[in-house]
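Below you'll find the structure, written out as structure tokens, and then a few comments.
Readers should treat all values here as calculations from the given coordinates under stated rules, not as data from a laboratory. This is a predicted model, so every value here is computed, not measured. Note that we place each Cβ from the backbone using ideal geometry, even for glycine, and neighbour counts take in every protein chain shown.
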Amino acid sequence: MKNKFVILTLILLGLYQPAQAITLIGWDIPVSTTTITSVSAMTTATGVTAGSITIGSGLTLSSSSSGWRGTAYNQTAQTAAALTAANTGGDYWAFEFGANSGYTVVVNGIGSLQFGTSSAGPKNWALLYSTSGGSSFTTYNTVATYAGVSNGTVDVAPTFTTALAAAPITISEGNTAYFRIVGYGASGTGGSGGMIGNITAPDFTILGNSVSNTLLNWTGGAGVWANGVAANWQDGAGASTAWVAGRDATIANGGTLAVDAGGVTAGVVTVSGATAATFTGGAVSAGSLAMTSGSTLNLNNANSAVSGAIDLTDATLSGGALSSSSGISANVSSGTKTVSTALSGASGLTKTGAGELVLSGANSYTGQTAVSAGTLTTTGANMLSDTATLKIDNLATFKLGGNETVGNINAAFGSTNNLQSYTLTSRFHPA
């Protein structure tokens with residue numbers, strides 16, 4: 001087990017991590033080895049493909065209790081020509097990682113990376129990025145060069161991060177990026193140098209962002225929601241992006257979305273924010289629908305459908321009709337929220353939270369209606385399933401706003417069934 005010093009790494013991360021960056025990938029650097037030539041990633045963020053670090057062909061492993069070192073750094077000069085020669089001669093540490101399908105990865109910093117050298121070891125460390133030829137580095141860019149001194153430990157993270165923050169490297173989905181850290185400016189070929197491995201694992205981390213290409217964000221305002229139309233949609237990086245069927249959609253700034261007359265197909269649709277959103281035109285067929293606290297959605301006259309779950313959290317849903325095959329969950333934590341949309345489908349509805357949910361639509365769903373907490377109120381007759389159970393849990397309240405028929409009634413001790421002046425009929429009676 002290696003000794004790890006937590007305080008040092010926390011300081012490094014606090015000083016050098018760019019704003020809004022995450023750790024994309026990290027490696028645990030070995031120590032005291034003359035046999036390990038390649039190390040696989042210890043951690044990877046969602047959307048990042050794992051890669052390895054490999055010692056260059058021009059170096060020979062040299063055991064060090066503090067890290068992963070090599071000898072035979074052949075370039076003594078600290079010039080651009082020496083850097084080119086050192087890269088060609090294999091005096092480097094190579095690493096790679098990529099972007100999974102459906103993600104774009106942006107590299108904008110180094111979280112933690114230190115090099116240790118002997119008195120005759122390299123003074124300079126240059127970060128290279130392959131622009132063609134992949135791991136062969138047919139052409140490459142020199143991202144940054146750290147010019148220091150031999151015989152000690154140097155922290156290259158700030159220098160490399162400054163350069164990457166100024167000119168981030170973007171890895172498109174399905175592709176791999178290849179990097180090398182080249183050592184040169186040694187006092188002699190007997191000197192050693194390599195990555196420090198006795199700080200908190202992962203010892204070497206890359207920072208940046210992993211952006212889902214399947215998620216598009218509505219920027220607000222009025223626009224068209226149709227296949228191939230960018231309108232008000234942006235990807236996770238903020239670039240205007242045309243809608244593609246099946247993508248996930250986040251509508252956080254409200255507005256009026258004119259849905260294509262033939263309808264659109266989406267994955268996960270999330271409505272959030274205090275500004276109301278309105279769908280006009282055609283229907284939306286989604287994998288699931290989530291509305292977060294304070295959000296409002298008007299489906300207008302569209303008959304939309306959700307194949308997965310519908311999750312309403314302190315939200316208001318109105319207009320049109322909405323079908324669900326996997327259940328509707330409505331959580332009203334306090335106060336009153338209204339769903340006037342006509343709910344249909346084979347699934348049921350579950351009311352949670354201490355607040356009141358008012359149903360005012362011409363519902364035709366056939367699943368169970370469950371009041372787990374708070375109050376569920378109807379504003380008219382025949383708004384619940386005629387064949388399924390009305391379940392009212394302890395301390396929950398069902399408030400009737402019109403004559404109603406249900407399959408059967410399962411009211412727990414301590415529940416309240418407020419009929420007002422109306423009639424609640426159970427078609428079936430348990431044996």
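So the values come out like this:
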read-out: Charge dipole (debye, nearest 20) of the chain; +1 at Cβ of Lys and Arg, -1 at Cβ of Asp and Glu; value: 360 debye
read-out: Region 6-211, dipole about Cα centre (Lys/Arg Cβ +1, Asp/Glu Cβ -1), debye to the nearest 20; value: 240 debye
read-out: Region 352-431: trypsin sites (Lys or Arg not before Pro) in DSSP loop, at most 12 other beta carbons within 10 Å; value: Arg427
read-out: Cα gyration tensor, region 326-431 - rounded (a/c under 1.5), prolate or oblate; value: rounded
read-out: Stretch gain in nm, segment Ala85-Asn410, where the contour uses 0.36 nm per residue and the Cα spacing is subtracted; value: 108.9 nm
read-out: The chain: Lys pairs at Cα distance under 30 angstrom, eight or more positions apart or on different chains; value: 8
read-out: Along principal axes, Cα extents of region 6-211, largest first, whole Å; value: 47, 40, 31
read-out: Label corresponding to Cα extents along the principal axes in Å when calculated from the structure given, among (1) 77, 64, 34; (2) 138, 49, 38; (3) 97, 47, 33; value: (3)
read-out: Sum of side-chain charges, Ser52 neighbourhood, beta-carbon under 15 Å (Lys, Arg +1; Asp, Glu -1); value: -2
read-out: Most mobile listed residue (Thr205, Thr350, Thr79) in the chain, GNM with C-alpha springs under 10 Å; value: Thr79
read-out: Spherically averaged projected area in nm², based on the convex hull that wraps the Cα atoms of region 188-324; value: 12.7 nm²
read-out: P(r), alpha carbons of region 168-261 - 5 Å bins starting at zero, rounded %; value: 3, 10, 15, 14, 10, 9, 8, 7, 6, 6, 5, 4, 2, 1, 0
read-out: Pairwise centroid distance, computed over Cα atoms, of region 366-431 with region 100-145, Å; value: 65 Å
